Amino acid sequence: MTAGAAAHPTPRRLARQRRRRAAVRFWRRYRAHRAGPAGLAVLALFALVALTAPLTVGSDVTGVTDAPGRPLQSPSGEFPLGTDRFGRDVLGLVVWGSRVSLLVGLLAAVLSVVIGAVVGITAGHFRGAYATVAMRVTDWFLVMPTLVLAIALATVMSRSLGTVILAIGVTTWPTTARLVRAQTLAVEARPYVERARALGGGHGHVMARHVLPNVMPLVLAQTTLMVSAAILAETTLAFLGLGDPTVVSWGGLLQDAREAGAVSAGHWWYLVPPGVAVAAVALAFTLCGRAVESALDPRLGVAR
């Protein structure tokens, strides 16, 4: 019985073996892209910092009334990155702000990609009047400045993290929608999709079982690329004073530094750490996104 089972593996076991081989191939191609592992290491470091922030710095670091230092102290042994205008430890604020900036960036990117994927798949599948209207709306969002739309939404809605996530997500999806629609049209032109329709497969079956698995690599790569854009957008909104004033984020720290006159006064320790953190995370996500693209589509080539 055991020998027969080994000679004729079950479909579930075959599926697991195929997924395992696919994962190994993906990781091999990802490692071949030299910048990919470097970006992944940087992201892992920032994720570890964000997850352990309650243990390393604690939520008390954001308090204004019981700040441990004097306002705008320069870096010292007690405060490696100096203090802000309230006397709070800048290093602790940067560590704590990583939680908000990374969370907003990830959620906004996921929302953007989900909207774009739904619009792109449905527009590529149904075509006709629906596709025409959906693509015209997409084109309208493409030609409009994304930042201006996000600022408009963040201005008319309540100032909260949910508003920032929504403002970024609903203004950055058109690029994903056009890419996914093009891939959907290519997938639905393949013979096996025609056979599925001939055998009675409905719209939901075709989109869920045939189209979605084939566009998922593109969606995954687009998500990693969108996170960096979402983090930069959140930083910009917070810098303009449109973020949630009750939470600490990297953009909020930059906005506080601007209001305190850190640029003209030369208080570099107030500006540089959050700015470097934003740039490092955005670059790391971009490197990972490019590596994922190269791993999922070998035709893009491998950076040596």
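The values are calculated or read from the model by the stated rules, or taken from the named source; none is laboratory data. What you see is a predicted model, and the numbers here were worked out from it, not measured in a lab. For neighbour counting, all protein chains shown are included, and Cβ atoms are generated from backbone atoms with ideal geometry for every residue, glycine included. Surface areas here come from the heavy atoms of the whole protein model, side chains and all, with no ligands, DNA or RNA. Shrake-Rupley method; radii C 1.70, N 1.55, O 1.52, S 1.80 Å.
Couple of notes before you dig in:
- Set side by side, the residues R85, R21 differ, and just one is in a helix (DSSP H, G or I), open to solvent by 70 Å² or more (accessible area, probe 1.4 Å) and on the phi < 0 side of the Ramachandran plot, which is R21.
- The residues in region 44-64 that are open to solvent by less than 40 Å² (accessible area, probe 1.4 Å) and in contact with a strand residue (DSSP E or B) (Cβ under 9 Å, 6 or more places away or on another chain) can be counted, and the count is 1.
- Residue in region 214-228 that is out of contact with any strand residue (DSSP E or B) (no Cβ under 8 Å at 6 or more places or on another chain), in contact (Cβ under 8 Å) with a residue 12 or more places away in the chain, open to solvent by 20 Å² or more (accessible area, probe 1.4 Å) and assigned to a loop (DSSP other than H, G, I, E, B) present: no
- Residues of region 146-160 classified as open to solvent by less than 50 Å² (accessible area, probe 1.4 Å) and assigned to a loop (DSSP other than H, G, I, E, B), total: 1
- Residues (in a helix (DSSP H, G or I) and either of a type in the set (D, E) or open to solvent by 30 Å² or more (accessible area, probe 1.4 Å) (or both)) located in region 231-253: L232, E234, T236, F239
- Extreme residue, nearest to A282 (Cα to Cα), among residues of region 52-64 that are without any contact (Cβ under 8 Å) to a residue 12 or more places away in the chain and in a helix (DSSP H, G or I): P54
- L72 meets each of the listed conditions (1) in a helix (DSSP H, G or I); (2) over 30 Å from V227 (Cα atoms) apart from (1).
- The single condition from (1) touching a strand residue (DSSP E or B) at 6+ places or on another chain (Cβ under 9 Å); (2) surrounded by fewer than 18 Cβ atoms within 10 Å (Cβ to Cβ) that A279 fails is (1).
- Within the set V164, V180, V211, V248, the sole residue that is modelled with pLDDT of 85 or more, touching a Leu at 6+ places or on another chain (Cβ under 7 Å) and under 30 Å from Y30 (Cα atoms) turns out to be V180.
- Note on region 62-105: residues that are charged (D, E, K, R), touching a Pro at 6+ places or on another chain (Cβ under 9 Å) and farther than 30 Å from A150 by Cα total 3.
- Evaluating A67 against the criteria (1) aliphatic (A, V, I, L, M); (2) exposed (fewer than 14 other Cβ atoms within 10 Å of the Cβ); (3) in a loop (DSSP other than H, G, I, E, B) leaves one unmet condition, (2).
- Taken residue by residue, region 34-43 has at least one member that is open to solvent by 70 Å² or more (accessible area, probe 1.4 Å), closer than 30 Å to V95 by Cα and either in a helix (DSSP H, G or I) or not aromatic (F, W, Y) (or both).
- Boolean, A257 is touching a residue at least 60 places away in the same chain (Cβ under 8 Å), part of a helix (DSSP H, G or I), closer than 20 Å to G87 by Cβ and open to solvent by less than 10 Å² (accessible area, probe 1.4 Å): yes
- Within region 161-195, tally of residues that are open to solvent by 10 Å² or more (accessible area, probe 1.4 Å) and either in contact (Cβ under 8 Å) with a residue 12 or more places away in the chain or farther than 14 Å from L107 by Cα (or both): 20
- Of all residues in region 90-140, those satisfying the criterion of being open to solvent by 70 Å² or more (accessible area, probe 1.4 Å) and either closer than 13 Å to T176 by Cβ or not in a helix (DSSP H, G or I) (or both) are V110, V114, V118, R127.
- Search result, residues across region 256-287 that are of a type in the set (G, A, S) and under 28 Å from the mean Cα position of the chain (by Cα): A257, G275, A277, A279, A280, A282, A284
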